[in-house]
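Written below as structure tokens is the structure these notes are about.
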Amino acid sequence: MAASSSAKVLSTFKPGLFNSKVAIVTGGGTGIGKTITRELLNLGCKVMIASRNVERLQKAAKQMKEELDKDGTADISYQRCNIKEEDQVQSLISNTLKEFGKIDYLVNNGGGQFLSSIGDLSTKGWNAVIQTNLTGTFQMCREVYNQWMKDNGGSIVNITINTISGAPGGGHSGAARAGVDNLCKTLALEWARNGVRINNVAPGPIYSETAAANYKDLPFLTNTIPIIPCKRLGTTEEVSATVCFLLSRAASFMTGQTVTVDGGASLYGHLIFKAADHENSEPYTWGEYTAPTLADYYKNKNPK
Ligand code: ADE
């Protein structure tokens with residue numbers, strides 16, 4: 001049957017796993033969000049994709065429908081929504097309920113940032129990234145809860161980044177994503193009684209056509225390969241598989257957690273940031289003892 005043969009290609013999970021389920025995926029028309037949408041559809045889920053660019057959504061929806069609809073099951077809809085705008089978030093949730101009758105899953109994938117060190121970052125740039133990644137996620141969670149999940153339960157997955165060691169070069173995004181990590185823990189506690197689970201997925205360096213286009217400088221991604229213990233870039237399918245697992249009953253005892261999907265990269269150090277050599281730290285002495293500095297290190301390494 002066409003359904004099972006395409007499922008074999010597009011998902012590790014059991015065909016029909018999400019039959020009769022309904023999901024919203026923000027940023028579902030490109031990159032990781034598009035792959036998540038494709039896998040959900042392939043597993044029988046009805047999906048509403050949302051982002052600011054309606055033409056892109058329309059194109060992606062048409063493409064995925066054609067790709068998967070050979071067996072007549074792909075049920076995808078799209079709506080323009082800027083997650084920063086409260087009224088647009090409210091109408092995304094209410095229109096999804098009007099169209100599909102319920103919302104089982106929410107994937108907060110829409111977000112973004114630009115590279116900037118904090119010293120060079122304007123308040124406008126800071127606010128934009130905080131509003132998209134933190135306030136947008138908060139508004140999506142609150143609205144889906146108030147309009148549906150409070151009375152019916154559900155499962156939420158937020159796509160974030162690893163922030164355990166800060167986020168040099170993207171401090172605005174790191175602060176926002178660390179905020180989402182903490183929000184996730186709060187909501188796991190506040191909403192468990194309503195049958196709502198919420199978890200985060202933090203992807204590491206992932207190759208996607210969208211990433212390649214956004215970072216025209218693809219070496220930005222490929223340069224990280226030597227410091228990824230798995231020694232390759234990840235794929236959007238590997239992120240999607242983790243999202244599907246967390247949404248599904250297989251993860252029914254997991255809530256408030258962040259799952260990192262990065263080939264071990266976060267255990268190995270910063271991918272692009274290197275602490276520069278300098279002699280600018282205040283010298284530390286304690287009685288006879290003086291803490292060795294970089295100059296001592298080089299002296300010992302290269303004795304004359
Ligand atoms: N993806 C990136 N920014 C977004 C926004 N403001 N709203 C929805 N999706 C987005």
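The values are calculated or read from the model by the stated rules, or taken from the named source; none is laboratory data. All of these numbers come straight from a predicted model, not from anything done at the bench. Backbone-built Cβ (ideal geometry, glycine too); neighbour counts: all protein chains shown. Just so you know, the surface numbers come from the protein's heavy atoms only, side chains and all, with ligands and any DNA or RNA stripped out. Shrake-Rupley method; radii C 1.70, N 1.55, O 1.52, S 1.80 Å.
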Among the residues of the range 14-25 satisfying the criterion of being open to solvent by less than 10 Å² (accessible area, probe 1.4 Å) and more than 15 Å from the ligand (Cβ to nearest atom), which is nearest to A250 (Cα to Cα)? F18
Are any of the residues in the range 285-293 over 20 Å from the mean Cα position of the chain (by Cα) and in a helix (DSSP H, G or I)? no
Can you name every residue in the range 191-206 that is open to solvent by less than 10 Å² (accessible area, probe 1.4 Å) and more than 20 Å from G112 (Cβ to Cβ)? V196, I198, N199
Give, as residue ranges, the helices (runs of 4 or more DSSP H) completely inside the range 208-279 that count at least 3 residues that are surrounded by fewer than 16 Cβ atoms within 10 Å (Cβ to Cβ) and modelled with pLDDT of 85 or more. none
Would you please name the residue that is nearest to I103 (Cα to Cα), looking only at residues in the range 157-175 that are in contact with a strand residue (DSSP E or B) (Cβ under 6 Å, 6 or more places away or on another chain) and within 16 Å of the ligand (Cβ to nearest atom)? V157
Give the residue that is farthest from the ligand (Cβ to nearest atom), with candidates limited to residues of the range 89-121 that are surrounded by 17 or more Cβ atoms within 10 Å (Cβ to Cβ) and over 21 Å from the mean Cα position of the chain (by Cα). F100
Take the residues of the range 122-140 that are of a type in the set (S, T, Y) and near the ligand (Cβ under 10 Å from one of its atoms): which is most open to solvent (accessible area, probe 1.4 Å)? T135
If we scan the range 167-190, do we find a residue that is touching a Lys or Arg at 6+ places or on another chain (Cβ under 8 Å) and open to solvent by less than 20 Å² (accessible area, probe 1.4 Å)? yes
Tell me, yes or no, whether the range 26-41 has at least one residue that is touching a residue at least 12 places away in the same chain (Cβ under 8 Å), within 16 Å of the ligand (Cβ to nearest atom), under 24 Å from G153 (Cβ atoms) and assigned to a strand (DSSP E or B). yes
G154 passes all but one of (1) open to solvent by 60 Å² or more (accessible area, probe 1.4 Å); (2) away from the ligand (no atom under 16 Å from the Cβ); (3) at pLDDT 95 or above; which number fails? (1)
Applying the selection to the range 72-88, what residues are open to solvent by less than 50 Å² (accessible area, probe 1.4 Å), over 16 Å from V144 (Cβ atoms) and either over 24 Å from the mean Cα position of the chain (by Cα) or within 13 Å of the ligand (Cβ to nearest atom) (or both)? N82
Every pair of residues 6+ apart whose Cβ atoms lie under 7 Å, when the first sits in the range 129-151 and is part of a helix (DSSP H, G or I) while the second is more than 10 Å from the ligand (Cβ to nearest atom) and modelled with pLDDT under 95: none
Can you give me the number of residues within the range 42-54 that are open to solvent by 10 Å² or more (accessible area, probe 1.4 Å), more than 14 Å from the ligand (Cβ to nearest atom) and not in a strand (DSSP E or B)? 2
